[in-house]
Amino acid sequence: MLRSINKVSGFKGLFLEPYVTSMQVSCNYASAKSNVNVQNLPRLPVPKLKDTLAKYLLTVRPFLNDDEYAKTTTLVKDFEQGLGKKLQGLLEKRAEQHVNWLEDWWLNTAYLEYRDPVVVYSSPGLMFPCRKFNNQNDQLQYAAKTLLAALEYKSLIDNDKIPLEMMGKSPLDMGQYKKVFGTCRIPWEKRDKLSFNSHSRHVTVIHNNHIFRIDLWGEDNVVLSEEQIVKQLKKIVELSSTPNNEGIGILTSENRDNWAKAYQLLSKDNTNRESLADVETSIVVLCLDAAAGLSKCADDDARRTLCGGQTIHGGGSKSNGGNRWFDKTIQFIVGADGLTGLTYEHSPAEGQPIAVLTDFIIKFIEQNKGGASASSSPKPPVALKFNVTTEVSNMIKDAKNNLDKLVGNLELNCFQYNKYGKNFIKSQKLSPDSYLQMAMQYAFYRLHKVPGAHYESAATRMYAGGRTETIRSCSIESVNFAKTMLNAQSSPKEKNAALKSAINSHKNYTVQALQGLGVDRHLLGLKLTALENGIDLHKLYSDVSYTRSTHMRISTSQVALKSDGLMSYGPLVPDGYATCYNPRDNDVNFATSAFVAHPDTACSKYRNALEQSLQDMHDVLLQNTPSKL
Ligand code: COA
């Protein structure tokens, strides 16, 4: 998932500034920013221009007729022999000067300069398995355990004790883990900032839209016990028994320029400045939510879908949408009715480290590993005060309306496909990820009868500061596969061959993307090189091949969790779908979404098409190799 780079306009040049920019914050720049290559990892390569353009022509073919393809081929040749060559030279020079030539550009263009709200458009939700809370004490106890688990994990991160992740024999960049705690996005006109505080010792707690601070260490420098944290949370609940209609948390769900304006107004007041800094420098936010209707859900999928919405957007201003600080990298959600999970602000890290953290927390709680210590001198919770002027109060009203519109426009359908999972696919000697991607291609084609440009994130963490590359999952082979499956005249053998060819083609692209040899980041790098050097963009960037192949109607991401959790997020384009999935041994959790306002897309239809496609693919394989589900 990403912010659509195509929407990035007005890139005015290089504004390199440290990753950490907030004045109030104590910074640990070296450990948070991977421009220092602490792991001595290889550097992200700049692919050869010739290779990228050849790959580009292959990936755009499904979206063009013969005439269009001929014109695109001419444009590509012109780019390769002229301007592209010059830009490639400049980009290679940049790559010599930066540990990772893309890292700062990506952070800015994909995230910090993006002006749409982080809610729905950028920040994913991650639901944890639902809990059964019999009373408020259960809720607060679970919340306290979550904080202690997070603290334990933070200590592992701070002490470089989390296991080094590998891809085959290649170690992966672990820098993203260092950025998840103590980080906060700060709204700023044109480009947001990120603040980072590695020495943080307090958390922010939000209840009924009131914002508090809890110090997790007492005066004696000892961490609070679970019981002591529960006591603090109880106090907070007592102090905030009625909803705060002027809660400013909802402003964080706004368009970034609107929020930046409100932030500047709030910052004129000393008390506000201190309270804002308190939230920004905290380790995480804990949202003690009101019941969201879990008990009314008819089944597990209805519960998953409700959890998806609550963790993405909080259900709007009348539900828990104001009980948030969406700028914080991690906000844990613990609802009164057992709905648990987190929302994460995407700019500092990808979903995978967050998924690993989630598995750790869930296991920690299951094993009931409370902290052994108890402080002899806990500090009482502090209510953070905000002075709200009439102007800001009006902005809060607008924010409520805008969030409610966003919520009303997002259709979600989260479900577990439990007929088979990775084990069956592996037994067929196929890559589970490529197989599932082809199921999505087939589902889209089945519904819309046109190829769907399709984004999948591949991690480029084998390189220092690496984040993602796009796997262009729509290929000549994937379209042929969908057409073959839908053709009543196709034989089982033809279907089987088309399926395997599509999967192999996807796997092939994946292997290249993981090595940083995809099409999209390289073309972005060349584009930004041109803009930075005041060079007009080549016509290739406005060609139909470019606009169609980057209009990602299917935005997908595998976020693997061992637990029964699931990440979800919104589509990239108005007429698109999002699909986040967690393939497990014998089932696959899917979170799909679409925008209600677009007449061409509907989540329920997409889900049906996806389930039907998975069934068809299974049947085709079994017709050739009998095996049991
Ligand atoms: N036959 C049998 N088994 C196979 C196989 C085949 N032909 N091909 C793959 N497998 C096995 C693999 O060995 C692996 O086994 P394991 O479960 O024991 O580890 C398993 O199937 C899964 O492999 P596969 O499905 O091919 O790919 P993957 O799980 O490595 O995922 C990506 C591929 C691209 C999703 C992954 O590399 C990646 O980049 N993930 C991060 C994505 C990301 O950034 N998400 C967050 C964005 S916010």
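The values are calculated or read from the model by the stated rules, or taken from the named source; none is laboratory data. Just so you know, these numbers come straight off a predicted model, no measurement behind them. Note that we place each Cβ from the backbone using ideal geometry, even for glycine, and neighbour counts take in every protein chain shown. SASA here: full protein model, heavy atoms, side chains in, ligands and nucleic acids out. Shrake-Rupley method; radii C 1.70, N 1.55, O 1.52, S 1.80 Å.
Summing Cβ point charges (Lys, Arg +1; Asp, Glu -1) relative to the Cα centre of the range 455-547 gives a dipole of roughly 360 debye.
Net length available on complete extension from N394 to N508 is 35.7 nm, with 0.36 nm assigned per residue and the Cα-Cα distance removed. To the nearest ten degrees, helix 270-281 and the longest principal axis of the Cα atoms of the chain are 50 degrees apart. Rounded to the nearest 10 square angstrom, K405 shows an accessible area of 140 square angstrom against a 1.4 Å probe. Would you work out if the range 339-472 is rounded, prolate or oblate? Take a ≥ b ≥ c from the square roots of the eigenvalues of the alpha-carbon gyration tensor; rounded if a/c is under 1.5, else prolate when a/b is larger than b/c, oblate otherwise. It comes out oblate by the Cα gyration axes. Within the chain, the ratio Rg/Rh, alpha carbon atoms throughout and Rh by Kirkwood, equals 0.97. Descending by average beta-carbon neighbour count within 10 Å, the peptides 604-611, 268-275 line up as 604-611, 268-275, the highest first. Annotation: the antiparallel percentage among DSSP beta bridges lying fully within the chain is about 70. Modelled spin-label separation between Q264 and A560, with each label point placed 7 Å from Cα along the Cα-to-Cβ direction: 4.6 nm. Each residue of the range 101-115 is assigned a 3J(HN,Hα), and the resulting list reads 5, 9, 3, 5, 4, 5, 4, 6, 6, 7, 10, 5, 8, 6, 9 Hz, derived from the Karplus form 6.51 cos²θ - 1.76 cosθ + 1.60 (θ = phi - 60°), x at Gly and Pro. The label-point distance for N37 and K161, in a model that sets each label 7 Å from Cα toward Cβ, rounds to 3.0 nm. If the chain linking K539 and L622 were pulled fully straight, counting 0.36 nm for each residue of separation and taking away their Cα-Cα distance, it would gain 25.1 nm. Around the amide H of I211, modelled in the peptide plane, lie the amide H atoms of L384, all under 5 Å away and 5 or more residues distant in sequence or on another chain. Axis of helix 49-60 versus longest Cα principal axis of the chain: the two differ by about 90°, to the nearest ten degrees.
Relative contact order (percent) for the range 287-415, with alpha-carbon contacts under 8 angstrom and 6 or more residues of separation?
Normalised by residue count, the contact order of the range 287-415 is 33 percent.
With the simple model of a label 7 Å out from the Cα in the direction of the Cβ, Y69 to R131 spans 5.6 nm. The residues D404, D192, sorted by heavy-atom accessible surface at 1.4 Å with ligands and nucleic acids left out, run D404, D192 from largest to smallest. For the chain, the longest principal axis of the Cα atoms and the long axis of helix 83-97 meet at an angle of about 40 degrees. By the rule of a C-alpha distance below 21 Å, with chain neighbours fewer than 8 residues away ignored, the lysines paired with K132 are K145, K231, K234, K296, K363, K369, K562. Within the shell of other residues whose beta carbon sits under 11 angstrom from the beta carbon of S282, the net charge comes to 0, with Lys and Arg scored +1 and Asp and Glu -1.
With K and R counted +1 and D and E -1, the other residues having a Cβ less than 9 Å from that of G321 yield a net charge of +2. By the helix-only formula, in which each DSSP H run with n ≥ 4 contributes -39500 (n - 2.57) and the sum is divided by residues, the chain has a 222 nm mean residue ellipticity of -13000 deg cm²/dmol. The length gained by stretching the chain between S377 and K449 to full extension, at 0.36 nm per residue less their Cα-Cα distance, is 19.3 nm.
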